[in-house]
Structures are given as structure tokens and as C-alpha cells.
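In what follows, a structure is listed as C-alpha cells, so that the remarks can point back to it.
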Amino acid sequence: MAAKWIETVTGSLEEKKQYREHKARVKALPTQYRTAVEAIERYLMYFGSITKGDVMVTMLDDLGDLFEQAAADGTPVRDIVGADPVEFVETFLANYSEGQWINKERQRLIRAIDGIADAEM
Amino acid sequence: MGKQMTEMLKGTLEGIVLAILAAQPAYGYEITAQLRAKGFDDIAEGTVYALLVRIERNGLVDVVKRPSEKGPPRKVYSLNTQGRAELDEFWKTWGFMAERLETLREGDKK
């Protein structure tokens, strides 16, 4: 039971473990891929504001898959992220919008308008 | 690729990827390579991958991990029944769009 109590204070320990595994995975990548992943992660943290731990871990895992495979294939970083890296990151991020802080407000907006529209009928 | 092309491609890339998967199961890099071979030269592997993540999360594909000679196992995507229905819907919409736009173009020529 103690573990459960600690987790309510610190967040999921399992997710922390997965996060550490992800970090180790990134560290093992060749320099240029590692640097690219770190730059993308930085942007994801600023812009994405993913607050759900499980969604965040899944997202980082998917990002790791892409770069590990690309490193194994020797795909140049430019060919992975394309001419517009912002475009790529935002397309990628759209898959995890349910974990974003702003999603609560999106749902709230949708409910508010739904309520008004229903009353209008 | 021009700006307009990029914008148009954004709206249709999911359908294009589903159509490629309808022909045969493939992994991410293969799909990107096929797109490039078909003339979409500037397409980024990451963009295709992000799309694959989405269609997987929407339940349109089945995924199996297959070991590769080098590097981690590859995720091979194959279209499932739901994906097939989505692709049929895409072609219907595409047909409608193309027909409407052609009508506009005919009007423009006069």
C-alpha cells in the first residue's frame, strides 16, 4: 500500500522507470541523431505541454522507435524531419493531443457550444 | 515542393498511405521510399511515421514487429477491415472533390 501512497505524491514510478529507459536509449544513439531527438524533445516540452504521464511516455517511445530505426538505416537527419522540422514535430504531436493540458479547455469549449446549440433547437 | 503542393498533400497523405498499405503490408521506411519513387520527392520519413502512428491509434491498421538484420525490430503495418472502409471512403471523397473541381475549371475556361 505504501507504494501506492508514494505514487500519489511523486507520480507513477513505472512511468519514471520508462522515462529513464527512454533517456538511456537516446544516449546510445549516434551523436547527430541524439542531438536531433534532444532538440525535438525540447520543443515538445515547450509547445506540447503534455501533462499525462502515460501519454508522454508513449510519445517518447514512438519518437525513440523512429530515430533508432533511422539510425540503423543510416537515414540522414534531414530526410527524417524534412525541410520544415516544426511541421514534422507538430504533426507528430497531434497524435497525443489527449494528453495535452489544453485538451481540458478544448473539451470545455466543445461542451459550452454544444449546450447552446442544443438549447437553440 | 511548392507551398500549395505541401498544403494539398497534407490533406490527402493519410489516404495515400492507406492506398499503399492496401497493395501490401509495409514498414515505415518502405512507405516513404515508395512515395518518393512515385514522385513525392520531398516527403520526410518523420511525417509518414507520424501519420502511421495516427492511423495505428485510430485502429485502421494491424501491426506486427518483425526482426530486422540491423537495428531494432521493424513495425510492419497492414490494412485491417476498418482501414479498408476508411480507404473506400477516401476514394469516394476524392472522386467527389476531383469532379467538383473539374466543373469549376470548365467554368473558368469559358
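The values are calculated or read from the model by the stated rules, or taken from the named source; none is laboratory data. Computed from a predicted structure; not experimentally measured. For neighbour counting, all protein chains shown are included, and Cβ atoms are generated from backbone atoms with ideal geometry for every residue, glycine included. Note: areas computed on protein heavy atoms with side chains; ligands, DNA, RNA excluded. Shrake-Rupley method; radii C 1.70, N 1.55, O 1.52, S 1.80 Å.
Write down the accessible area per residue of region B:47-110 in Å², having rolled a 1.4 Å probe over the full set of protein chains.
Spelled out: the 1.4 Å probe surface of region B:47-110, per residue, equals 70 Å².
Using 1/(1 + (r/R0)^6) with R0 = 25 angstrom and r between the beta carbons of B:Phe90 and A:Glu120, what's the FRET efficiency to the nearest 0.05?
E(calc), rounded to 0.05, equals 0.15.
What does the convex hull of the Cα atoms come to per residue for region B:1-40, in Å³?
Considering the Cα atoms of region B:1-40, their hull volume per residue is 63 Å³.
Let me see the P(r) profile for chain A: every Cα-Cα distance counted, bins of 10 Å, each bin given as a percent of all pairs.
11, 34, 28, 16, 8, 2, 0
Can you pull the percent of Cα pairs in the protein assembly as shown with separation above 32 Å?
When every Cα pair of the protein assembly as shown is considered, 31 percent fall beyond 32 Å.
How big a patch of accessible area, both sides summed and in Å² to the nearest 100, lies buried between A and B at a 1.4 Å probe?
1700
Could you give the length gained on full extension between A:Asp84 and A:Ala72, defined as 0.36 nm per residue of separation minus the Cα-Cα distance, in nm?
2.0 nm
Translational D (Stokes-Einstein, µm²/s) of region A:77-121 at 4 °C and 1.567 mPa s when Rh comes from the Kirkwood sum over C-alpha pairs?
The calculation lands on 100 µm²/s.
Would you rank B:Met8, A:Met121, A:Met59 by solvent-accessible area, highest first, keeping every protein chain in place and using a 1.4 Å probe?
Largest accessible area first, the residues go A:Met121, B:Met8, A:Met59.
For the pair A:Glu14/B:Val64, report the inter-label distance in nm, with labels modelled 7 Å from Cα in the Cβ direction.
Roughly 2.7 nm, to one decimal.
Helix B:45-57: angle to the longest alpha-carbon principal axis of chain B, degrees 0 to 90, nearest 10?
With both axes taken from Cα atoms, the answer is about 80 degrees.
Over the residues of region B:31-110, compute the C-alpha Rg and express it relative to 2.2 N^0.38 Å.
Normalised Rg, Cα atoms only: 1.50.
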